[in-house]
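Colleague: For reference, the structure I am asking about is given below.
The values are calculated or read from the model by the stated rules, or taken from the named source; none is laboratory data. Only a predicted model underlies this, so the values are computations on that prediction, with no experimental measurement involved. Quick reminder, even Gly has a Cβ in these numbers, built from the backbone with ideal geometry, and neighbours come from all protein chains shown. In case anyone asks, the SASA skips ligands and DNA or RNA and just uses the protein heavy atoms, side chains included. Shrake-Rupley method; radii C 1.70, N 1.55, O 1.52, S 1.80 Å.
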Amino acid sequence: MDLIFYCDESCHIQFDHVEYMSLVTVFCSKSRTKNINRDIRKIKEKYRIDTNQELKWTKISNSNLQLYKEIINYISEKTYIRVRAVLAKKRSVDELKLRNKTYDQWYHSIYYYLLKHPLDLITEAKVEFDDCFLFIDKKDIYTNENINILANYLNRHFAYGHNFIPKAVESHEHQLVQVADIIAGALTYRKRFPQSNTPKNELCNFIEEKLGPLSVKSSYKSINYNLLIMEKEEL
């Protein structure tokens with residue numbers, strides 16, 4: 001069995017004047033992906049949108065809110081689809097200098113925390129699997145190089161030696177990358193605008209109802225949805 005971790009982030013740029021960033025992975029066994037992609041495309045068809053149209057946090061409005069809710073509801077009902085998220089306070093330039101780190105190195109450490117929890121629980125449960133595929137949304141021309149650096153970092157830091165295989169992907173081709181984008185956007189939006197009266201905040205409330213809190217750390221044993229909030233933790 002192979003695992004696929006579909007990953008995306010929100011507010012991850014170093015100097016974007018946003019204090020927190022989020023990383024999210026929506027993951028499942030590779031054997032499940034064909035049916036999941038088919039099901040989510042059917043939901044899109046129900047709402048009369050092109051099945052290749054990309055779902056994104058930035059596109060949420062009153063006119064399509066029910067579509068996004070149905071996607072979240074679908075994820076919540078499938079126990080074989082799991083969500084792991086990290087909401088992390090960004091390190092300042094001075095903090096990074098004290099630890100002799102670059103921002104990219106710190107960013108890679110957040111990916112480590114993102115994946116450590118699900119892999120720890122899978123290992124504890126003695127579930128055997130082969131490779132870990134990292135499907136990461138293609139952001140720019142440097143993504144292929146950067147994700148290879150990330151994979152090398154993860155392979156060095158995980159003691160139990162999983163084989164991480166990174167791939168920069170077009171998010172419109174992978175439905176669960178789109179779901180990761182939605183949840184990542186919800187995490188940073190709720191942190192920045194907790195009291196706003198908008199369709200996005202309504203979706204945040206729905207995500208909390210169906211999956212779990214967006215502003216409270218999950219217990220370690222939470223499996224289907226798990227959130228880590230990092231204020232000071234650091235490798």
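Colleague: Does region 35-53 contain any residue that is of a type outside the set (A, V, I, L, M, F, W, C) and in contact with a Phe, Trp or Tyr (Cβ under 9 Å, 6 or more places away or on another chain)?
Modeller: Step one: filter region 35-53 for residues of a type outside the set (A, V, I, L, M, F, W, C), giving 35, 37-39, 41-42, 44-48, 50-53.
Adding the requirement that they be in contact with a Phe, Trp or Tyr (Cβ under 9 Å, 6 or more places away or on another chain) leaves 39.
Yes: one or more hits.
Colleague: Identify, please: which residue in region 35-51 is under 21 Å from the mean Cα position of the chain (by Cα) and open to solvent by 40 Å² or more (accessible area, probe 1.4 Å) and is, among those, nearest to ILE183 (Cα to Cα)?
Modeller: That would be ARG41.
Colleague: If you don't mind, another one. Among helices (runs of 4 or more DSSP H) lying entirely in region 67-178, which contain 3 or more residues that are among the polar types (S, T, N, Q)? Quick ask: steps written out before the conclusion?
Modeller: Working: elements: 93-98, 103-124, 143-157.
Where helices (runs of 4 or more DSSP H) fall fully within region 67-178 and carry at least 3 residues being among the polar types (S, T, N, Q), they are 103-124, 143-157.
Colleague: Considering only region 172-182, I want to know if a residue exists there that is open to solvent by 10 Å² or more (accessible area, probe 1.4 Å), at pLDDT below 90 and touching a His at 6+ places or on another chain (Cβ under 8 Å).
Modeller: No.
Colleague: On to the next question. Hey, can you tell me all the residues within region 52-65 that are closer than 23 Å to PRO213 by Cβ and open to solvent by 80 Å² or more (accessible area, probe 1.4 Å)?
Modeller: Initial filter on region 52-65 (closer than 23 Å to PRO213 by Cβ): 55-58, 60, 65.
Within region 52-65, THR58 is the sole residue that qualifies.
Colleague: Here is a follow-up. Of the numbered conditions (1) out of contact with any strand residue (DSSP E or B) (no Cβ under 9 Å at 6 or more places or on another chain); (2) in contact (Cβ under 8 Å) with a residue 40 or more places away in the chain; (3) in a helix (DSSP H, G or I), GLU209 fails exactly one; give the number of that condition.
Modeller: Looking at each condition in turn, GLU209 falls short on (2).
Colleague: Quick one: would you say TYR153 is surrounded by 17 or more Cβ atoms within 10 Å (Cβ to Cβ), hydroxyl-bearing (Ser, Thr, Tyr), touching a His at 6+ places or on another chain (Cβ under 6 Å) and within 21 Å of MET21 (Cα to Cα)? If you could, list the steps in order and put the result at the bottom.
Modeller: On the way: surrounded by 17 or more Cβ atoms within 10 Å (Cβ to Cβ): yes; hydroxyl-bearing (Ser, Thr, Tyr): yes; touching a His at 6+ places or on another chain (Cβ under 6 Å): yes; within 21 Å of MET21 (Cα to Cα): yes.
Yes; evaluated as a whole, the condition is true for this residue.
Colleague: Filter region 183-211 down to the residues that are closer than 21 Å to TYR6 by Cα and open to solvent by 10 Å² or more (accessible area, probe 1.4 Å) and list them by number.
Modeller: Result: TYR189, GLU208, LYS210, LEU211.
Colleague: Residues in region 103-122 that are out of contact with any helix residue (DSSP H, G or I) (no Cβ under 7 Å at 6 or more places or on another chain) and either under 13 Å from GLN14 (Cβ atoms) or surrounded by fewer than 16 Cβ atoms within 10 Å (Cβ to Cβ) (or both): how many?
Modeller: Looking only at that region, the number is 5.
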